[in-house]
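The structure appears below as C-alpha cells.
The values are calculated or read from the model by the stated rules, or taken from the named source; none is laboratory data. Please read these numbers as outputs of a predicted model, since none were measured by experiment. When we count neighbours, we look across all protein chains shown, and the Cβ atoms used for this are built from the backbone with ideal geometry, even at glycine.
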Amino acid sequence: MMNLLVMNNVFLCIAGLAFPFSVGLTNICLGIVLGLGVVSGTWWKGAKKCWQFSRNLMLIFCAYFALMILGLTWSLDVSWGGHILGRQWFWLLVPIIAVLLNEEKWRNYFLICLSIGLTLNLVYCVLQIFSYVSVATIGSTAQNATGHIGHIGFGVVYGIWASWLLYLGWQWRDKRAWFLWLLAAWAYFMVFSAMGRGGYVVALSLMIIVIFEMFRGYNLWRPVALIASLSVIVALLFVMGPGKERWQVMWNSLSQVKSDSVAPIELSSTGQRMQMFNTSIDVWKAYPLMGVGTGGMPRAVAQLGAFDNGIERIQFAHPHNQYVFNLARWGVVGLMLLLAVFYFWLRQGWKDEWVNSISYPLVALAGVGLMIDGVFAPAMEEHFSGVLAALLLGAGLSEQYNMKSNE
C-alpha cells in the first residue's frame, strides 16, 4: 500500500511539472494516479473523507455530474455528449488527492513541482516573445505569448497562482516573501501582456480578495489604500502597455454588435462571442424546459442557423460562457446546479480561517477563479482551468481534512 501511495504522489508531482507544457503527459500521469487510486482503495478512502468533512459540496458535485449523464437521454447528439462526458474524468481525482496529499511533505512537494512548472512556463513565454521558440497552440503567438496554455486559460491559471503567492508571502514575511512577490508580479505582468480580457478580470478579482484576507483584522484603510495603488499601476498598464489595445478592440467590437450599419465581416473575436451568446439564448428559448441535452449544442446551433461573419456561417460547440452554456443544455435546472456548485465550493473555501495555512486558501481561490472565468469560457470543462481547479481543490481539502482530523 505504501509503495502505491508513493508512486501515486510521484506521478502527481510529475503531472504538476508537466501541466503547463504537455496536455498528453499530464493526462497520462493523472490517469495513472486515478487508476492506482481506485485499485489501492485510496479513492474510496478519500470519498469517505469528503463525505465526512465536505458533504454538501460532494453532494452538489454528484448532482451536477448526474445531470450531465442524464442529459444524454434527451441530447440532440448523444455521441458528442458522450465525448464531452468522457473529458470530465479529472474531477474524479479530487478524493484521491485529498488523501495523497494528507502528509505535509507530499503536499509541499506537489505545490513546489507545480510552481516550478509554471515558473518555467513564464521563461518559455519570454522566449516566445523574442521568437526563440514557437508553439502551435491557437491564440498563442509572439505578440500574445501564452505558451502551450493559450490565451483562454492563461489568465485564470496564473491569476490563481499569483494570488496564492501573494498570500503565501504575507504568511511567511521573511526573505522568501520577496521572492514569491517578484514571481507574482512577473505572472501578473505576463497576464496583462497577453490577450484575454477574462484573464485580466480573474487576476484582478483574486488579487483584491487576497489583499482583504491579508489585512483582515486591520483598519479598512490599509487594504483600500493598497488596492487603490495597485489600481493605478494596472491603469497605467492599460494606458501605456499592451492592455490598451486589447480593451480598445473589445470596446469597438461591442459598439459594432449594437450597430446595424457595420458589416458582419468587421466583427472581431469579441463581437463574434457576443453573437455566440445571443445565439445560445435563442437555443434555450427554442428548448426552454430541458435544454438540448449534453452534447446537443452544436446540432442546435446548426438547426437554428448560425450567424454570418461575412465569409462563412459561424457554428460553435459552446458560447464561451459556462452559465449560458448550462442554460442551453439543461435549462434552468442546469444553471441553478452550477450556481449551487460554486456556492458550496466557496462556502467550503471560507469555512475556516486561512491563517497559518499554506494550501487551504487554494480552495477558495480556485473556486472564485473558475466562477469568474465561467463568464468568459466554459471553465468547468476547459483542460487548463478545469484540471488546475480540481488539483488545487484536492490539495486545499487535504490540509483542511488533516486539520479537522487532528482536532
Residue selected from region 315-324 under the condition within 22 Å of residue 197 (Cα to Cα) and at pLDDT below 95, by the criterion surrounded by the most Cβ atoms within 10 Å (Cβ to Cβ): 319
Residue within region 123-133 that is part of a helix (DSSP H, G or I) and touching a helix residue (DSSP H, G or I) at 6+ places or on another chain (Cβ under 7 Å) present: yes
Filtered residue count, region 162-183, keeping only those that are touching a residue at least 12 places away in the same chain (Cβ under 8 Å) and either closer than 19 Å to residue 354 by Cα or touching a strand residue (DSSP E or B) at 6+ places or on another chain (Cβ under 9 Å) (or both): 12
Test result for residue 155, part of a helix (DSSP H, G or I), in contact (Cβ under 8 Å) with a residue 24 or more places away in the chain and small (Gly, Ala, Ser): yes
Residue list for region 165-216, restricted to those being surrounded by fewer than 17 Cβ atoms within 10 Å (Cβ to Cβ) and on the phi > 0 side of the Ramachandran plot: 173
Selection count where residues are without any contact (Cβ under 8 Å) to a residue 60 or more places away in the chain and under 12 Å from residue 390 (Cβ atoms), scope region 82-106: 2
Flag if residue 142 is over 19 Å from residue 376 (Cβ atoms) and aliphatic (A, V, I, L, M): yes
Flag for residue 67 being aliphatic (A, V, I, L, M), assigned to a helix (DSSP H, G or I) and crowded, with 16+ Cβ neighbours inside 10 Å: yes
